[in-house]
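Encoded as structure tokens, the structure appears first; notes follow it.
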Amino acid sequence: MWPLNRQKPRGPGVFSGLSSIDIAVEDLDRTGKEIGLTKGSIKDEILVAVKRDLPKLKIESGPRVSLIYVVITVGETNTAFAASANIFLYRPVEILGDDGNKYFALGAVWKKVSLLTNNRPTLPYMSSKIHDLLSEGLTAFSAQYYTDNP
């Protein structure tokens, strides 16, 4: 959030000109696997959401392609459960080195971090709630895309 006394900078948004994207999901931790999450199912969920909500966005791979990167972390104790679903947009950036040379990298330009905590619920409930967090994050992703690409 920008402070109330400061104006948000004008210019292109971080999604401006985005035309293609790749999808990557971080390896799941033990608890994530135990509640039934898989990298494949999460990647499929993202793919379907992008195809449904952002039909102009091509899915492709390559070293200079922007990337949706998802990290899901799940933790539990005997009495409580916590999970985070983090969605990042990495875009190709050019870095000007101290030596004057230009270097290529992928830089995180957008993120949506969601956290869920609860008493120790049932396994299907936990998995379902994590998918809800992903869905909310992907809706925010789509909204920002359309804001920056009217």
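Rule-based calculations on the coordinates, nothing more; no lab input. Predicted, not measured: the structure shown is a model, and the values here were computed from it. Cβ placement follows ideal geometry from the backbone for every residue including glycine, while neighbour counts extend to all protein chains displayed.
Using Cα springs under 10 Å in a Gaussian network model of the chain, which residue among 44, 98, 27 shows the largest mean-square fluctuation?
98
With a Förster radius of 30 Å, plug the Cβ-Cβ distance of residue 103 and residue 77 into 1/(1 + (r/R0)^6) and report the FRET value to the nearest 0.05.
0.10
Per DSSP H run of at least 4 residues, take -39500 (n - 2.57); add these up for the chain, divide by its residues and hand me the 222 nm value, nearest 500 deg cm²/dmol.
After summing the helix terms and dividing by residue count, I get -10000 deg cm²/dmol.
For residue 39, which lysines qualify as cross-link partners when the Cα separation must be under 28 Å and same-chain residues fewer than eight apart are set aside?
Qualifying lysines at Cα under 28 Å: 51, 56, 58, 111, 112, 129.
Over all pairs of distinct alpha carbons, what does the Kirkwood formula give as the hydrodynamic radius of the chain, in Å?
With all distinct Cα pairs of the chain included, I get 17.1 Å.
Mind checking the dipole of the chain: about its Cα centre, +1 per Lys or Arg Cβ, -1 per Asp or Glu Cβ, Debye to the nearest 20? Mind dumping the intermediate values first?
On the way: 18 positive and 16 negative charges, 83 e Å.
The dipole magnitude comes to about 400 debye.
If you line up the Cα atoms of region 10-53 on their principal axes, what length do they span on each, largest first, in Å?
Dimensions of region 10-53 along the principal axes of its Cα atoms: 45, 22, 14 Å.
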